[in-house]
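Data block below; observations after.
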Amino acid sequence: MGAQAAVDRADHRRHRGAAARGHGVTTPKGERRRTAIVAAAARLALDDGPAAVTHRRVADAASVPLAATTYYFSSRDDLLAEAGARIVSGWALTAERVVADLGPGLADDLIRALLPRRVGNVRGHYEHLVAAGRIPALARAYRDGRRRLEDAVGQILAAHGSSLDPGLVIAVVDGAVVSALSEDRPVKAEVRQMLELALG
């Protein structure tokens with residue numbers, strides 16, 4: 001609940017800015033409805049892929065009228081951009097929680113920070129990332145949010161006395177996952193092996 005609440009608070013701050021720009025979020029009820037729409041869009045993007053994020057499907061998932069989604073988001077790209085910002089905020093928050101609760105092993109902490117908690121979600125997570133690159137609005141949201149994730153990974157590395165570049169570490173993890181998935185090998189074992197080689 002703590003992680004979800006933090007993501008919702010970040011959404012709330014973005015939504016207040018949207019209200020100032022005339023996006024119709026002027027009341028607490030309006031902010032709650034908009035947050036529910038964005039959360040539903042994010043779940044659809046992660047569970048079924050970015051192509052599933054349409055105004056109609058998001059309205060159904062959020063239990064709001066279709067007119068509400070088009071009121072707050074005039075275009076699908078706007079909706080995807082907000083969903084992407086929420087998703088990457090959740091990823092960064094996971095890594096930041098590891099910073100606050102470091103374990104004795106660097107590789108273990110990086111795995112906790114960068115891989116989905118449930119092994120069964122790993123394939124869907126990476127399939128989603130690849131698909132996101134074909135959606136400019138989603139790709140921009142991920143690119144813009146990556147700095148926060150890299151900052152958290154950098155703090156984990158520094159706390160363990162490593163000077164490795166966080167972007168390099170993320171690339172090692174991503175490469176190890178794709179390799180393991182494509183060859184039907186255990187993901188966490190492959191990631192751990194590649195991290196230990198990189199970390200020396």
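Numbers below:
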read-out: Hey, VAL38 outside any helix (DSSP H, G or I) and either at pLDDT 90 or above or touching an Asp or Glu at 6+ places or on another chain (Cβ under 7 Å) (or both) or not; value: no
read-out: Filtered residue count, region 44-67, keeping only those that are surrounded by 18 or more Cβ atoms within 10 Å (Cβ to Cβ) and modelled with pLDDT under 95; value: 5
read-out: Flag for ASP77 being surrounded by fewer than 20 Cβ atoms within 10 Å (Cβ to Cβ), modelled with pLDDT of 95 or more and not in a loop (DSSP other than H, G, I, E, B); value: no
read-out: Output for region 107-156, where each listed residue is touching a helix residue (DSSP H, G or I) at 6+ places or on another chain (Cβ under 6 Å) and among the acidic types (Asp, Glu); value: ASP109, GLU150
read-out: All positions within region 34-58 that are small (Gly, Ala, Ser) and touching a His at 6+ places or on another chain (Cβ under 9 Å); value: ALA45, GLY49
read-out: Pair list, Cβ under 8 Å, 6 or more apart: region 154-173 residue without any contact (Cβ under 8 Å) to a residue 40 or more places away in the chain, other residue outside any helix (DSSP H, G or I); value: none
read-out: Unique residue being over 19 Å from LEU44 (Cβ atoms) and touching a residue at least 24 places away in the same chain (Cβ under 8 Å) when the list is ALA113, ALA132; value: ALA113
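Residue-wise test of (1) touching a residue at least 40 places away in the same chain (Cβ under 8 Å); (2) among the hydroxyl-bearing types (Ser, Thr, Tyr); (3) within 27 Å of ALA159 (Cα to Cα).
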{"position": "THR70", "(1), (2), (3)": "no, yes, no"}
{"position": "PHE73", "(1), (2), (3)": "no, no, no"}
{"position": "ALA81", "(1), (2), (3)": "yes, no, no"}
{"position": "TRP91", "(1), (2), (3)": "yes, no, yes"}
{"position": "GLU96", "(1), (2), (3)": "yes, no, yes"}
{"position": "PRO104", "(1), (2), (3)": "no, no, yes"}
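Okay, residues lined up against (1) at pLDDT 95 or above; (2) on the phi > 0 side of the Ramachandran plot:
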residue	(1), (2)
ARG148	no, no
ASP151	yes, no
ASP165	yes, no
ALA171	yes, no
LEU181	no, no
ASP184	no, yes
VAL191	yes, no
LEU195	yes, no
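The values are calculated or read from the model by the stated rules, or taken from the named source; none is laboratory data. All values reported here derive from a predicted model rather than from experimental measurement. Cβ: placed from backbone, ideal geometry, glycine included. Neighbour counts: every protein chain shown.
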